[in-house]
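Trainee: Let me begin by handing over the structure; questions about it come next.
The values are calculated or read from the model by the stated rules, or taken from the named source; none is laboratory data. Computed from a predicted structure; not experimentally measured. Because the Cβ atoms are built from the backbone with ideal geometry, glycine has one as well, and the counts that use them run over all protein chains shown. Each accessible area value is taken on the protein alone, full model and side chains, heavy atoms only, with ligands, DNA and RNA left out. Shrake-Rupley method; radii C 1.70, N 1.55, O 1.52, S 1.80 Å.
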Amino acid sequence: MGLNPDHLLRLAQLPAAQYFGLWQAIEASAGAASLPLLVGAAISVEAFDPPIFASLCSPNLNVAMQRLSAFKKLVGPMTLNVQAGQAKTVITLECYGNEGHIPKSLAMTERVFLTQLIRLGTRYRVIPLEVMLPEVPANLDDYAAYFGLPPKKGALIRLTFSARDAARPFLTANEAMWDISSRVCASGYLHWMRRQRSVNVSGPYCSRACRQASIR
């Protein structure tokens, strides 16, 4: 496609209803079936994107998801809830400000993104224990091949990894770089984006993130 949906949405800084409307427009242009896999294929360690960078500097998935949850507030009306237990780590995406259905491509793109992230960090084809979405795609076989198991329909947008895989060391971990990048919290990230001329810093999610986000 030649575009990054998250980057486009940061540019737009839209109210919640329009945010989801834009996702639906992207979905209509790219095709709901193919968009998430296209986004996943575009994620790499070479491209500097602060959320990806912060995640890949982490020692493992559990730490990466805690750091990523702070950045999610900058993207749009979403929260990333992480529950790390003795047997598994459950990552749930919640969206607010939308009365209709969450676009299928948004829900699936988030699941693909997180799976790709742990595979990049560990250099291992980690297979989730569960991939749950409100709607499963028509091309289910393509996603079963990607994840290593078929996504299933459920009430939540949820991704689950075994505790062993969630604690699997990231080969990209770099605490020295994280010590530097941790100074780039919500306001610093906005400053970075402003210098890149890529965001309207007065947008609703950015202002909320400046007040609330805390990256440790």
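Trainee: Would you mind stating whether I127 is in contact with a helix residue (DSSP H, G or I) (Cβ under 8 Å, 6 or more places away or on another chain), under 13 Å from M65 (Cα atoms) and of a type in the set (V, I, T)?
Mentor: No.
Trainee: Another question, then. Output the number of residues of region 100-132 satisfying the condition of being within 22 Å of P77 (Cβ to Cβ) and in contact (Cβ under 8 Å) with a residue 60 or more places away in the chain.
Mentor: Count: 12.
Trainee: Also, quick follow-up: Quick one: P137 ticks every box in (1) over 19 Å from the mean Cα position of the chain (by Cα); (2) open to solvent by less than 30 Å² (accessible area, probe 1.4 Å); (3) modelled with pLDDT under 95 except a single one, so which number is it?
Mentor: Exception for P137: condition (1).
Trainee: So, in region 159-186, exactly how many residues are at pLDDT 75 or above, among the basic types (K, R) and not in a helix (DSSP H, G or I)?
Mentor: So the answer is 1.
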